[in-house]
Amino acid sequence: MTSALTRTALPLLAATLVAGGAAAQQTDPRLERVDAATRPTVAALVDSARAALLPTEPLIQRALEGATKRASGDLIVAAVRRLAVDLGHARDALGSTASPAELTAGASPTILAQLRQTRREPLTMPLAVLADLVASGVPVDSAAAAVLALAARARDADLVEFRRAVERDIALGAPPAAATAAAATAADLRVNAGARQQRPGRP
């Protein structure tokens with residue numbers, strides 16, 4: 001428990017307390033879009049996440065999103081901090097070997113909770129498929145909806161085939177969201193057909 005706190009909670013807490021100084025010297029230039037008063041705290045959170053071996057790009061993008069929407073500095077800092085904590089939780093769920101894409105995809109508490117409710121098997125494969133879809137350009141909402149719909153009944157092999165179908169259709173020129181919807185429908189039909197074959201037939 002102590003090591004987990006050292007890796008995740010303590011660095012994130014320290015980020016809030018030591019905003020500025022050395023962290024500010026390494027500020028990502030894109031964060032210049034964030035107001036000057038908020039920028040050092042965001043930069044410290046990003047640096048602390050990096051030290052904790054968490055992905056930093058999602059944190060930067062969250063801060064930039066807040067700046068684009070003209071959110072207050074307090075709201076931007078709270079959003080970035082919350083995402084950093086969620087990334088830490090995703091790493092706890094997926095393990096220390098999870099890739100940045102897997103951690104980013106698994107950082108949604110809602111997705112993790114829904115997967116745990118619907119799937120008895122380990123969550124590594126559906127989260128990995130979700131991460132790959134997002135990396136292929138599929139909108140997060142579309143990717144999450146498809147994976148959640150399949151995760152309850154599909155085996156790991158079914159999820160892998162679903163991912164391959166999406167990637168194949170995208171490579172052939174299909175829009176990512178449309179490719180995901182089509183592949184999800186086909187995968188659902190295959191899963192249903194397999195379930196019917198396993199049930200005893202009627203005379």
In sequence order, calculated HN-Hα J values of segment 65-72 (Karplus, 6.51, -1.76, 1.60; Hz; x Gly/Pro): 4, x, 5, 4, 7, 6, 6, 5
Solvent-accessible area of Arg163 with every protein chain in place, 1.4 Å probe, in Å² to the nearest 10: 50 Å²
For segment 79-92, 3J(HN,Hα) per residue [Karplus equation, 6.51 cos²θ - 1.76 cosθ + 1.60, θ = phi - 60°, Hz, x = Gly/Pro]: 5, 5, 5, 4, 5, 4, 5, 4, 4, x, 5, 5, 5, 4
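The values are calculated or read from the model by the stated rules, or taken from the named source; none is laboratory data. It should be emphasised that the depicted structure is a prediction, and the values quoted were computed from it without experimental measurement. Side chains included, ligands, DNA and RNA excluded: accessible areas come from the protein's heavy atoms. Shrake-Rupley method; radii C 1.70, N 1.55, O 1.52, S 1.80 Å.
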